[in-house]
Amino acid sequence: MTVAIEYVIGRAGLAAVRALDRDVIGQAHRPRGAAGSVNGWVFAHRPSNRQRNRWVASLLEVGPGDRVLEVGFGPGIAVAELVRNGAGHVYGIDHSGVMLRQASRRNAAAIRAGRVTLINASADRLPAALAGPFDAILAVNSLGFWPAPVERLADLRGRLAPGGRIAIASQPRCAGATAATSRDAAEEVENLLRSAGFTQPSTRTLALSPPVICVLAIAPDPDDTPQTLTTAPSRRVGPTAG
Ligand SMILES: C[S@@+](CC[C@H](N)C(=O)[O-])C[C@H]1O[C@@H](n2cnc3c(N)ncnc32)[C@H](O)[C@@H]1O
C-alpha cells in the first residue's frame, strides 16, 4: 500500500472515529431513537454505571419522609435504588423521551404505588410542579451537559429545604480519563456549587476506573446566609457519556 493510500485511509478512519465520538456524546446528552434505546440499555446494564448510581443514592442517606429529585435520571437506576433505600417520594426529570420510557418501565411498580413521579423536562425549565421543597437532589453524569450550570444549580438550591443536600456525581468518560481527570472534575463541581450558593462542599470517591467523584453540599437557610450568585469558574467538567 502506498503512503498516499495509507494517509487517505488514516484520515477517513479518524473522521469516522470523530463522528462516532460526536454521536456517542450526543446520545449521552439526549438519547433519541433506536440508538438512544441501545444507549439507555447500556447505561442500565454496564456494571460501573449500576455501581455508580447505587453508590450516589446511598450517600444521600434518605429516610422515609424524604422528597428527592433526580435531574437526568437516564434509565432510572438511581431512582429505583432511592425507592429501595426508603425515600418517601422520588421525583425525576430527564429531557429525553426515550429515557423517560425506560425509567418508567423500570420503576413501574413504584409509580403505581405513588412513590415515584417521572417527568419529561429540561433542567433549564423545571416544571412548576417541582417547586419543592425537596430534602435531597442528585444528578449523576448529567451536569456536564447543562447549559449555564451555576444558574441551574442556584435554581435547584432554591427548591431545597434549608439544610437540604445535593449530590453531584461525575465519572469522566472522555478518552484517556484518569484519576487526575476525576480530581479536576471534583474541584470544578465544588467551585460550581459554591458559586451557586451551596455550603460545605465535600468530595467522596468511588474507586472505579476512572474513579467516580460525588460532591455533596448543603443548601443554607436563606435567612442565615446572604446569597450571592458569583461568576462561574472556567468549565472543565466535560461531557460524561454514560
Ligand atoms: C450520561 S446519561 C446518565 C444517566 C443516568 N444519570 C445514569 O448515570 O445512568 C445523562 C442523562 O442526563 C440527561 N440530561 C442531559 N442534559 C439534561 C438537561 N439539560 N435536562 C434534563 N436532562 C438532561 C440525558 O437525557 C441523559 O439521560
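Based on Cα atoms of the stretch 3-218, Rg over Rh with Rh as the Kirkwood radius reads 1.01.
Dipole size of the stretch 3-218 about its Cα centre, with +1 on Lys/Arg Cβ and -1 on Asp/Glu Cβ: approximately 580 debye, rounded to the nearest 20. Counting other Cβ atoms within 10 Å as a rough exposure proxy, the listed residues T205, T117 run T205, T117 from fewest neighbours to most.
A short reminder: the numbers here are calculations on the coordinates, not readings from a lab. Bear in mind that the values here come from a model prediction, so they are computed numbers and not experimental data. FYI the Cβ positions are ideal-geometry reconstructions off the backbone, even for glycines, and counts take in every protein chain you see.
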